[in-house]
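The values are calculated or read from the model by the stated rules, or taken from the named source; none is laboratory data. This structure is a prediction, so every number in the text was calculated from the model and none was measured. Don't worry about glycine lacking a Cβ; one is built from the backbone with ideal geometry, like all the others, and counts go over all protein chains shown. In case anyone asks, the SASA skips ligands and DNA or RNA and just uses the protein heavy atoms, side chains included. Shrake-Rupley method; radii C 1.70, N 1.55, O 1.52, S 1.80 Å.
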2 protein chains.
Amino acid sequence: MPIKNADQSAVIGLNAIIVAVTDEVPRILIVQRAAHSLATPAQRGEADSYEDSPVTLPFGPFDPSQHRTLELGLHKWVEQQTGLGLGYVEQLYTFADRHRDPREQAGGPRLVSVGYIALVRQVPLSGAGEAEWQNCYDFFPWEDWREGRPKVVDEIIRPKLQLWAKNIDEKNERESTQERLSIAFGTGTASWDFDRVLERYELLYEAGMIGEAIRDAKIRAAISGLSEPQVASEAIETAKFLGTTMALDNRRVLATAIGRVRGKLKYRPVVFDLLPSTFTLLNLQLVVEALGGVRLHKQNFRRLVVNGGLVEPTGQRDIQSRGRPAELFRFRREVLSERPVSGVGLPSLRTIG
Amino acid sequence: MPIKNADQSAVIGLNAIIVAVTDEVPRILIVQRAAHSLATPAQRGEADSYEDSPVTLPFGPFDPSQHRTLELGLHKWVEQQTGLGLGYVEQLYTFADRHRDPREQAGGPRLVSVGYIALVRQVPLSGAGEAEWQNCYDFFPWEDWREGRPKVVDEIIRPKLQLWAKNIDEKNERESTQERLSIAFGTGTASWDFDRVLERYELLYEAGMIGEAIRDAKIRAAISGLSEPQVASEAIETAKFLGTTMALDNRRVLATAIGRVRGKLKYRPVVFDLLPSTFTLLNLQLVVEALGGVRLHKQNFRRLVVNGGLVEPTGQRDIQSRGRPAELFRFRREVLSERPVSGVGLPSLRTIG
DNA sequence: ACAAATATGCTCAATATGAGTATATTTGTG
DNA sequence: CACAAATATACTCATATTGAGCATATTTGT
């Protein structure tokens, strides 16, 4: 039996979701971990006899004796690991569920981690860590609608989820699940809400469709001494279409982060922390589109940001390759004190290019 | 010298901000603590030789060995203490700054607390605790604009803050502070953004204008062995107009919560968790107004919620005292799956009755 | 000179919003 | 009972915002 942990203490860690947009791709910083060798003991647990994904979010322990605040601890550690200076930083969420790491059953200090989102401009990457940039949508292929509605949504996700929900025995639970499905993925005519990234991820997990769900089922079985659950090979095939699996609950954390950033875009001018100090309106639009996973109407986008006073022309023009050269703009900081709601709104549901 | 805390462990606590609206007053649950006797050892520290406010937010330790998730731990403990069943629950923020409790300087386990907001319908109050309801605006008199712009804003807050900011020596800091002031409190023509409760609180704290700031200055002086800082008696007078002081950083936590609820109102239908299952449109409007601290235009509010499909008529009417009886409505849950953004929008800046 | 590519400007209908006015249905009072 | 006071509900109207598209401008490359 594991050690009792009656003193209620816990280990606090920091998880950083560091976001940048380059080449119209939203990227996050991940760490490719050598298989079966987690960075910190706290992340390891005992039973290591199952395959886990080597892809993790950057994680660092928080040492209360060294840092006055969580945010300071984060800055320090990210700088050491990546050499990045962080721009906009926001606390995301505190994750402490026991099933975060299925190996950590009762007993043992609980790993509590506080997630932070940081938006950064550049991508130099230096420092002690082995961090690298990876396309967000590698983890959430169904979230990128810029080239139209992703095939995986209609061909795999919706039908399989609907089938799963229909077969839930208990009536109340079935109905509430079906309602959640229609909210998260839209039904027929209804719309796809780009913010609901976490809700979609959670449904896919509950339905056992993605890698983490299959992995966790195995682990739980191993821990309780049951025989390996038979996972239909079809399920394993399906999971391959549903993005890269991450370690522990890291993909859930990432889903939370993407949802948060998308929501924030609409009512606070956070995009500008991802851009250089001057930029063309196309640059700006492409970054918004990349994060939102949508195409926007160009002329209306321009109207929104220019007439809305979010940006102002610098008088200079971009040196470019084809077409009429675009004017360079800069962020108008004054807007912060003028308009309560000032974001570069993603559309409610419209997506036309 | 205090004990070193090199193992990075920390004590995790839960802070609950439990909100209900009754008689057009938004209320939160607080605990009146006997002076100088905090509920948990973790909250006490050593140096107790200064006056602190007896008003605290409900706080409970989180025991990882007993509860699978933070939220479950919260539910359990709130039920024991108050007998309340929680409706909507949302994680607010994780607070871990060292200066949360100025007594806890270097060393000693850090108290990290995870704040949760819960919206509840009823106010019976039973159970083991000595919790009671208190008007939110007792703590933030400047946030309630329902009877027009509060006098304290123009007579005390704005002039004193402006004076304070003007006297900041360092140029960059002065300018950025002045910008923050104008964002948070509006300047002249500019608007008051009802969401920015935390930003306003923080500026008042930094300017040393509210009770907590005065208290913390004393404590810091006592700890570093300096003589009691001389606080102008005028400052103490001022603080009296700026709401009830709370223990530790609890008022900061509360400010975060109120800002969050106000923001949420606009784009998610959370109000309905504060209302009985059927209600008149006036009931609904009064609750929104109470939380938002604004008056809304009645006819337009009706149009918004009825035409927007947020509510549907039940066919029954209210039994009432004066005037034409109002129809009873209920929340239309379907709206969740229909419209991505469905809240009962507070106005951007308009406030007319 | 002209096609291709891009930027920028403008129009127009559909909705949404702010601010009223008008009407309806109650209770309480003389 | 008539009528004032109080409240609910319906409608109007000007203005602002949004979605969608067409038209024009300024480049580069052939």
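Key figures
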item	result
Qualifying residues in the stretch B:305-320 (those that are surrounded by 13 or more Cβ atoms within 10 Å (Cβ to Cβ) and more than 11 Å from DNA strand D (Cβ to nearest atom)) - the one farthest from B:Phe331 (Cα to Cα)	B:Gly308
Count - residues of the stretch A:324-353 that are at pLDDT 90 or above and either open to solvent by less than 30 Å² (accessible area, probe 1.4 Å) or within 15 Å of DNA strand C (Cβ to nearest atom) (or both)	7
Test result for B:Thr256, more than 16 Å from DNA strand D (Cβ to nearest atom), assigned to a loop (DSSP other than H, G, I, E, B) and open to solvent by 10 Å² or more (accessible area, probe 1.4 Å)	no
Selection count, the stretch A:52-74, where residues are away from chain B (no Cβ under 14 Å), out of contact with any strand residue (DSSP E or B) (no Cβ under 7 Å at 6 or more places or on another chain) and surrounded by 19 or more Cβ atoms within 10 Å (Cβ to Cβ)	1
Qualifying residue in the stretch B:283-292 (condition: within 8 Å of DNA strand D (Cβ to nearest atom) and either within 14 Å of chain A (Cβ to nearest Cβ) or in a strand (DSSP E or B) (or both))	no
Among residues of the stretch A:93-139, those that are at pLDDT 90 or above and over 30 Å from B:Asp97 (Cβ atoms), counted	7
Residue in the stretch A:296-313 that is away from DNA strand C (no atom under 14 Å from the Cβ), at pLDDT 90 or above and within 13 Å of chain B (Cβ to nearest Cβ) present	yes
Count - residues of the stretch B:196-230 that are at pLDDT below 90, surrounded by 18 or more Cβ atoms within 10 Å (Cβ to Cβ) and not in a helix (DSSP H, G or I)	0
Whichever residue in the stretch B:181-195 is buried (at least 19 other Cβ atoms within 10 Å of the Cβ) and without any contact (Cβ under 8 Å) to a residue 24 or more places away in the chain and, among such residues, is nearest to B:Val253 (Cα to Cα)	B:Ala184
When residues of the stretch A:270-285 are limited to those that are aliphatic (A, V, I, L, M), surrounded by fewer than 22 Cβ atoms within 10 Å (Cβ to Cβ) and within 16 Å of DNA strand C (Cβ to nearest atom), the one nearest to A:Leu328 (Cα to Cα)	A:Leu281
Which numbered condition B:Gly293 misses (of (1) within 15 Å of DNA strand C (Cβ to nearest atom); (2) surrounded by 20 or more Cβ atoms within 10 Å (Cβ to Cβ))	(1)
Residues (among the basic types (Lys, Arg) and at the interface with another protein chain (Cβ under 9 Å from one of its Cβ atoms)) located in the stretch B:181-223	B:Arg196
Residue match in the stretch B:140-151 (condition: among the aromatic types (Phe, Trp, Tyr), modelled with pLDDT of 75 or more and assigned to a loop (DSSP other than H, G, I, E, B))	yes
Boolean, B:Pro41 is at pLDDT below 85, within 30 Å of A:Asp63 (Cα to Cα) and exposed (fewer than 15 other Cβ atoms within 10 Å of the Cβ)	yes
Test: residue in the stretch B:257-275 that is more than 13 Å from chain A (Cβ to nearest Cβ), modelled with pLDDT under 90 and under 21 Å from the mean Cα position of the chain (by Cα)	no
Filter pass, A:Ala326 being outside the structural domain of A:Leu29 (by TED's automatic domain parsing) and more than 16 Å from DNA strand D (Cβ to nearest atom)	no
